[in-house]
Amino acid sequence: MGTPNDEPVPSASERIPSPLQAFLIWLTAAVGIVGAGLAVASAAAASVVARGQDPVAVLGDPKTSPLTNSTAWIAGGTFVNELAVLITVAVWLWLLKTPVRLALPLGRPTLLGAVGAVLLVFGVAPVAEVMGELVHRITGHEYTASRIVVNAARNASGAGVVGLVLALGLMPALAEESLFRGLVTLPFERRFVWGLVVPSVLFGLFHLEPTQIAGTMVLGVAFAAGRLCTGTLVTSMIAHGVYNTTVVLTVRYSNALVERELDGVPVMIGLGVALVGGALLWRERRMLLARAGGGRAAMPSWWL
């Protein structure tokens, strides 16, 4: 990978979303995935009826519903949801007339920047898992997002694994990063803490399922750090795609994520890895500010 492009700076004539518009963009995307989910559920109901079964009985039971057990249906449903997110991004870019280069900065990150982002994400992943497990124990809901991923991946064929990697690994990296670390981040990116926190909270809430909300907020901060510290969306896309793909492959070929315990050892190891990743990204942030000019590179980068 080469040297990252400087973070694009909007001119006076170029429109960027306001914080309120960022919330409306998030709300539109949330409505979009609910609509996409209803469309997929309707298609599943039609397939159940075609087999002569009762759709209410089949789809109403998580143990028999193809939406929570079938590799094909889970991959297809996820793909449709992410496609709805991409359409939302495209529609709002057109409505706001925001230049794509500002909303979706796609400069090449440095190798150290990409490595730092990946390390940070995997470093905070045990914390995200603990958060999700705590919520799971409080709610007592059996069929969590993690359980559905396990059901999809556990018995997937070779083609099924490829489909899951594309639907759960590649598509979220492209669609969700374009929305949250791209368009939604744009109004907040000039203030580093705001750029970390606000899109990450919206990112978590976007996932709707309580255990996933808790975990994805933590992961969202790591994705956001990669984007903000390197000045390019490609960094967070790489980190997101690598993480999701690793989860799918780990679930498919091991017993991980089937029984999760509240173990402090992985958390402590993860935090050590996160410190290394964070240090690399902190270096990238200082270099980014230095290229932008002025003496800001000497200031505490987490406040900028």
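Please tell me if residue 118 is under 27 Å from residue 254 (Cα atoms), touching a residue at least 40 places away in the same chain (Cβ under 8 Å) and among the β-branched types (Val, Ile, Thr).
Judged against the criteria, residue 118 is a match.
I'm trying to understand the selection: among the residues of region 131-181, which are of a type in the set (Gly, Ala, Ser) and either farther than 30 Å from residue 22 by Cα or not in a helix (DSSP H, G or I) (or both)?
140, 152, 153, 156, 157, 158, 159, 160, 163
Could you run through region 152-166 and say how many residues are under 30 Å from residue 27 (Cβ atoms) and crowded, with 24+ Cβ neighbours inside 10 Å?
Of the residues in region 152-166, 2 are under 30 Å from residue 27 (Cβ atoms) and crowded, with 24+ Cβ neighbours inside 10 Å.
Provide a single number: the residues in region 182-198 that are outside any loop (DSSP other than H, G, I, E, B) and either under 19 Å from residue 292 (Cβ atoms) or in contact (Cβ under 8 Å) with a residue 60 or more places away in the chain (or both).
8
Which of (1) closer than 16 Å to residue 178 by Cβ; (2) assigned to a helix (DSSP H, G or I); (3) of a type in the set (Val, Ile, Thr) is the odd one out, the single condition residue 98 does not satisfy?
Here residue 98 clears every test but (2).
Report yes if residue 82 is within 23 Å of residue 173 (Cα to Cα), among the charged types (D, E, K, R), in contact with a Lys or Arg (Cβ under 9 Å, 6 or more places away or on another chain) and assigned to a helix (DSSP H, G or I), otherwise no.
no
What residue, of 98, 71, is under 27 Å from residue 17 (Cα atoms) and in contact (Cβ under 8 Å) with a residue 60 or more places away in the chain?
98
Quick check: anything in region 44-51 polar (S, T, N, Q), part of a helix (DSSP H, G or I) and either within 17 Å of the chain's Cα centre (by Cα) or closer than 28 Å to residue 177 by Cα (or both)?
Scanning region 44-51 turns up no residue that is polar (S, T, N, Q), part of a helix (DSSP H, G or I) and either within 17 Å of the chain's Cα centre (by Cα) or closer than 28 Å to residue 177 by Cα (or both).
Readers should treat all values here as calculations from the given coordinates under stated rules, not as data from a laboratory. This one's a predicted model, so the numbers in the text were calculated from it and none came from an experiment. Backbone-built Cβ (ideal geometry, glycine too); neighbour counts: all protein chains shown.
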